[in-house]
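Take a look at the structure set out below.
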Amino acid sequence: MTQPKRIAVTGAAGQICYSLLFRIANGDVYGKDTPVILQLLDLPQAQKAVQGVVMELEDCAFPLLQDVVITDDPATAFRDIDAGFFVGSRPRTAGMERRDLLNANAEIFRTQGRALDEAAKRDAKVIVVGNPANTNAMILAANAKGFPTENVTAMLRLDHNRALTQFAKKAGVGVDAIEKFVVWGNHSPTMFADWSNATADGRKLAEVIGDEAWYKETLIPTVAKRGTAIIEARGASSAASAANAAIDHMRDWISGSNGDWVSMGISSDGSYGIPEGLMCGVPVTCANGRYERVTGLTVEGFAREMLDKTVGELAEEREAVKALL
Ligand code: NAD
Ligand code: LMR
């Protein structure tokens, strides 16, 4: 058995965490040999509900779950953490876009950025799930001035996984057969699900599917509007699939992506014409506890237009919250 990992999870009484916490405690992030200590943050009025969730965690008798801390103080939650899942924030409801949450949620990430800086290990890995995830991650990183910005990421993995299943169904292959696929940009309807480099069992995915109109007119909008479709059908935003995507994102970052590309929102270094500092979905590979941006891709024509549009939206969001940066 290795040393336990301390994992902060915010919004612990919420829907996503009702799935996420049990997966983490089961060893789905750090593996079956690594004990975990959960440090759960939620608002004062949600503390009783968190206690209920913790009773259920106890009742699962997870062998890897060594301890659970419950708190409404961000610095206590982030003390000495190895990883942080930033889920806590308001979800949208029918008729809203994710950017409508900007004002409601931005302040949370400013406060928590300062606490992260005060309390967390410098090599802690952070994922922001709370919407609008990209811009919240940028606010978090900007307010954690002594904390490495490259350790703060935003979740695009749900969009990535959504697209994989749609492609696999259309191509008649398993989801594992598809490689070198990426979702660029913002976790919003402007996101760009890009099949330019994707393969299915080593063959070009676009040729296997052979239907560009389906790609442009069905696949891209289906993935972009999937969150809305789920809210309309369920009456609440996606939860178990969002938790699963957060697990996939962190597990791959920690243990590697086996050479394949995954989509992660990371702070832009200016490549691909994405202005520096925007927290933007790009293709990365993960190995040895690090992610690396995939470089040298050609982005032109339709892909360039799509990337410019989603990056433009991220730049507008940055402008809207510049007072918090
Ligand atoms: P929820 O309303 O069920 O739970 C949110 C929890 O956060 C609540 O328990 C609430 O008390 C808590 N919270 C609010 N402010 C807090 C603060 N300052 N500190 C700590 N906790 C706080 O919502 P949910 O369905 O779990 O969704 C959470 C967020 O995740 C929403 O913003 C939602 O839009 C987002 N989301 C993102 C993705 C993605 O792909 N990035 C996918 C699904 C949902
Ligand atoms: C999703 O994509 O399901 C989440 O971001 C929730 C939402 O508001 O769409």
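Before moving on, here are some points about what is shown:
- Strands (runs of 3 or more DSSP E) (entirely within the range 135-237) containing at least 3 residues that are within 15 Å of ligand 1 (Cβ to nearest atom): 152-155
- Filter result for Phe86 (under 18 Å from Ala243 (Cβ atoms) and either within 14 Å of ligand 1 (Cβ to nearest atom) or surrounded by 21 or more Cβ atoms within 10 Å (Cβ to Cβ) (or both)): yes
- Close pairs from the range 164-183: first of a type in the set (Lys, Arg), partner buried (at least 17 other Cβ atoms within 10 Å of the Cβ) and part of a strand (DSSP E or B), Cβ under 9 Å, at least 6 apart: Lys180/Thr199; Lys180/Pro283
- Only one entry of Asp67, Asp80 meets the criterion of being on the phi > 0 side of the Ramachandran plot and away from ligand 2 (no atom under 16 Å from the Cβ), and that entry is Asp80.
- Pro221 fulfils the conditions (1) farther than 29 Å from Gly270 by Cβ; (2) of a type outside the set (S, T, N, Q); (3) within 16 Å of ligand 2 (Cβ to nearest atom); (4) buried (at least 16 other Cβ atoms within 10 Å of the Cβ) except for a single criterion, (4).
- Considering Ala94, Ala75, Ala61, Ala49, the condition of being modelled with pLDDT of 95 or more, surrounded by fewer than 13 Cβ atoms within 10 Å (Cβ to Cβ), more than 24 Å from Asp248 (Cβ to Cβ) and hydrophobic (A, V, I, L, M, F, W, C) is satisfied by Ala61 alone.
The values are calculated or read from the model by the stated rules, or taken from the named source; none is laboratory data. It should be emphasised that the depicted structure is a prediction, and the values quoted were computed from it without experimental measurement. Please note: Cβ atoms are built from the backbone with ideal geometry, for glycine as well, and neighbour counts cover all protein chains shown.
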